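Visitor: Okay, here's the structure, questions in a sec.
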Amino acid sequence: MGRRMDLASAVAEHVRDGDVVALEGFTHLIPYAAGHEIIRQGRRDLTLVRMTPDILYDQMIGMGCAKTLKFSWGGNPGVGSLHRLRDAVEQGWPHPLALEEHSHAAMANAYEAGAANLPFAVFRGYVGTDLPKVNDAIRSVTCPFTGEVLTAVPAIRPDVTIIHALKADREGNVLLEGILGVQKEAVLAACRSVVTVEEVVETFGPRSPNAVVLPAWTVDAVVEVPGGAFPSYAHGYYPRDNAFYTAWDAIARDRDRFRAWMQANVLAVGPEAFAVHRLAAGHRVA
């Protein structure tokens, strides 16, 4: 019921070797601090699920956390390839990575099916594409009422979903605003869920028309991590650091440079390091 925890304890309790793990965030509110804690705790053999894996999953794959990636697009947005992902697929470094590729529509529908406790999702899609030839998880079903042939994919039901949100209240309810992606569906589909937030407040106050409130009973752990989505952005708290995404391309190309960066900026520090990005954006950190 939205129990308040520190990040290390939340990850230790809820993320286990071999789990199916979704760290969702669509450009906005990507849970970097939580992903870094998974790396620090040395989790292995994870099936990583995400609609748009970018730098965070590049880091997790390069540090040996993943055995499988289930996704619908992968890259460094506006820059190019994910070099640690490519190295794992092409050269097996640090070990081989299996891929299960889908479309955005398939992933979104699969999360919704998982949230509804259904075994698979049905939708119109993949017409004229080659993905069904390389992904045997893409099937077809015939509508019993109209005879229309539709696409079916297995529901996504993660062992644990981790998201970053703007606020939580004292009771463990969680507020999301801005670009929402599939965070809500990913939490509702999961067996367990961890939510990092920018701040814990007494009341959410006025909310925008697209606001989503996840009730406390949908969340297992709430962790206050100011700046925890950096270098992605948190609506109303800090902007996206476009320069970091550009700089990552050179960092990730070389294995030794990548490992040195991860040692200095992930392994040797804790989640408190993220707070400086809130401060830099002019927000008070309690």
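Visitor: With every protein chain present, what accessible area does residue 156 have (1.4 Å probe, heavy atoms only), rounded to the nearest 10 Å²?
Guide: Counting only protein heavy atoms, residue 156 exposes about 10 Å² to solvent.
Visitor: If you take the Cα Rg of segment 93-153 and divide it by 2.2 N^0.38 Å, with N the number of residues, what do you get? Spell out each step's value before the answer.
Guide: Details: Rg = 13.4 Å, N = 61, 2.2 N^0.38 = 10.5 Å.
Normalised Cα radius of gyration, segment 93-153: 1.28.
Visitor: On the Cα set of segment 1-112, report Rg and Dmax in Å, please.
Guide: When restricted to Cα atoms, segment 1-112 yields Rg and Dmax of 13.7, 43 Å.
Visitor: Using only the Cα atoms of segment 213-261, what are the Rg and Dmax in Å?
Guide: For segment 213-261, the Cα radius of gyration and maximum Cα-Cα distance read 15.8, 44 Å.
Visitor: While we're on this one: Report in % the part of the accessible area of the chain that belongs to carbon and sulfur, leaving out ligands and nucleic acids; probe 1.4 Å. Don't jump to the answer; show the numbers that get you there.
Guide: Working: 6520 of 12350 Å².
So the carbon and sulfur contribution to the accessible surface is 53 percent.
Visitor: Let me ask you something else. Enter the Cα centre distance for the pair segment 60-93 and segment 164-227, rounded to the nearest angstrom.
Guide: Each part's Cα centre sits 28 Å from the other's.
Visitor: Here is a further query. Pulled fully out, how much extra length does the chain show between residue 263 and residue 129, if you take 0.36 nm times their separation in residues and subtract their Cα-Cα distance?
Guide: Computed gain between residue 263 and residue 129 is 44.1 nm.
Visitor: When the expected Rg is taken as 2.2 N^0.38 Å, what fraction or multiple of it is the alpha-carbon Rg of segment 205-286? Could you put the intermediate results ahead of the total?
Guide: Values: Rg = 16.0 Å, N = 82, 2.2 N^0.38 = 11.7 Å.
Relative to the rule-of-thumb radius for its length, segment 205-286 sits at 1.37.
Visitor: Continuing with this model, one more query. Given the chain, what percent of its DSSP beta bridges are antiparallel, to the nearest 5? Let's see the in-between values first.
Guide: Numbers: 15 of 46 bridges.
Rounded to the nearest five, the antiparallel share is 35 percent.
Visitor: Give me the tail of P(r) for segment 129-261 as a percent: Cα-Cα pairs with distance above 19 Å. Write out the running numbers ahead of the final one.
Guide: Details: 5685 of 8778 pairs.
When all Cα pairs of segment 129-261 are counted, 65 percent exceed 19 Å.
Visitor: Given R₀ = 51 Å, what would the calculated FRET efficiency be for residue 140 paired with residue 272, taking r from the Cβ atoms and rounding to 0.05?
Guide: On the way: r = 50 Å, r/R0 = 0.98.
Computed FRET efficiency for residue 140 and residue 272 comes out at 0.55.
Visitor: Run the reach check for residue 67 against lysines, Cα to Cα strictly under 18 Å, same-chain hits fewer than 8 apart removed. What comes back?
Guide: none
Visitor: Let me ask another. In terms of Cα to Cα distance under 23 Å, which lysines are near enough to residue 184, apart from those fewer than 8 places away along the same chain?
Guide: Reachable lysines: 70, 167.
Visitor: How high is the relative contact order of the chain, given as a whole-number percent (alpha carbon pairs under 8 Å, six or more residues apart)? Before the final figure, lay out each step's value.
Guide: Values: 637 pairs, mean separation 65.7, N = 286.
Answer for the chain is 23 percent.
Visitor: Here is a follow-up. Along each of the three principal axes of the Cα atoms of the chain, give the extent in whole Å, ordering the values from largest to smallest.
Guide: 59, 46, 33
The values are calculated or read from the model by the stated rules, or taken from the named source; none is laboratory data. Please read all numbers here as calculations on a predicted model, not as lab measurements. Cβ sites come from the backbone with ideal geometry, for glycine too, and all protein chains shown count toward neighbours. Accessible surface areas use protein heavy atoms only, side chains included; no ligands, DNA or RNA. Shrake-Rupley method; radii C 1.70, N 1.55, O 1.52, S 1.80 Å.
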